[in-house]
1. Using mean Cβ contacts within 10 Å as the protection proxy, how do 84-90, 196-202, 167-173, 105-111 order, highest first?
2. So who's got an amide H within less than 5 Å of the one on L177, skipping anything under 5 residues away but keeping other chains? H placed 1.01 Å off N, in plane.
3. Taking H as built 1.01 Å from N, whose amide H comes closer than 5 Å to the amide H of L19, not counting residues under 5 places away?
4. Calculated FRET efficiency, R142 and T97, Cβ-Cβ r, R0 41 Å, to nearest 0.05?
5. List the trypsin sites (Lys or Arg not before Pro) within the range 41-128 that DSSP assigns to loop and that have no more than 10 neighbouring Cβ atoms inside 10 Å.
6. Report relative contact order for the range 29-210 in percent, whole number only (criteria: Cα-Cα under 8 Å, sequence separation at least 6).
7. For the range 83-132, taking Cα atoms only, what is the radius of gyration to one decimal and the Dmax to the nearest whole Å?
8. What nm distance separates the two modelled labels at D118 and R196, each placed 7 Å from Cα along Cα→Cβ?
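No lab work stands behind these numbers, since they all come straight from the coordinates. Small disclaimer: the values here were computed from a predicted structure and weren't measured. Counting neighbours? That spans all protein chains shown, and the Cβs are built from the backbone with ideal geometry, glycine included.
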Amino acid sequence: MIPVARPVASALLELVLPLPCTGCGTVGPALCPLCRAALAPVVQRRAVGRCALPVSSGLVYDGVARRVLLAYKNEGRTDLRVPLAAALAAAVRDALTAVPGDGVALVPMPPTVRSRRDRGYDPVRVLLRRERLPASRLLALRRRSADQVALGRAGRFENVDGSMSGLPAAAGARVLLVDDVVTTGATLVEAARALRAAGAEVLGAATVASTPQRGR
């Protein structure tokens, strides 16, 4: 459930007090017209991991998109969900164009108990609900991993290796993985491994944003 009080309170504050735009800091609405325009989806594709898992992303995780996504995830700013949901929906549509047939389950990454408790909501599932896209629970965490932020590429893959398992309902399912940001792709690759081990066919992934690919 979305914590309704936060976006309502934010809207009321905008009517009384000047607030900085989340994207650029300009005094005005929560997102100024320029920053809202910067969040218009421009889908890009990449492949991650040795399995070359195809990933479609709606935004580049930099600048305005990075600041807005972090505020949405870590500061309870669910009032920012509309443009982020549109970016995720664009990525899902793009990923599905490469998939023949119907009956594809959208499977978000399983949140940790701590993140659910601290946030009070699952950021990716909120975005999917906003776009009326059904989410399937086919993944579970087997163990908690260390924070990925300070780890290099190899360390990220090693950190999450074996951390997930596919649920029995995954057997025979055709799956598109869904997440907020793809960096090295370690989490998505581990999720794909777990689901395939449970008998699912993993077709690819869709994310709100992708980190810039340096040197490409």
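1. Most protected by this proxy first, the peptides run 84-90, 105-111, 196-202, 167-173.
2. Under 5 Å from the amide H of L177 lie the amide H atoms of V107, L203, G204, A205, A206, each far enough along the sequence or on another chain.
3. Counting only residues 5 or more places away or on other chains, the set is G28.
4. 0.80
5. R50
6. 28 percent
7. 12.9, 39
8. It works out to 3.1 nm between the two label points.
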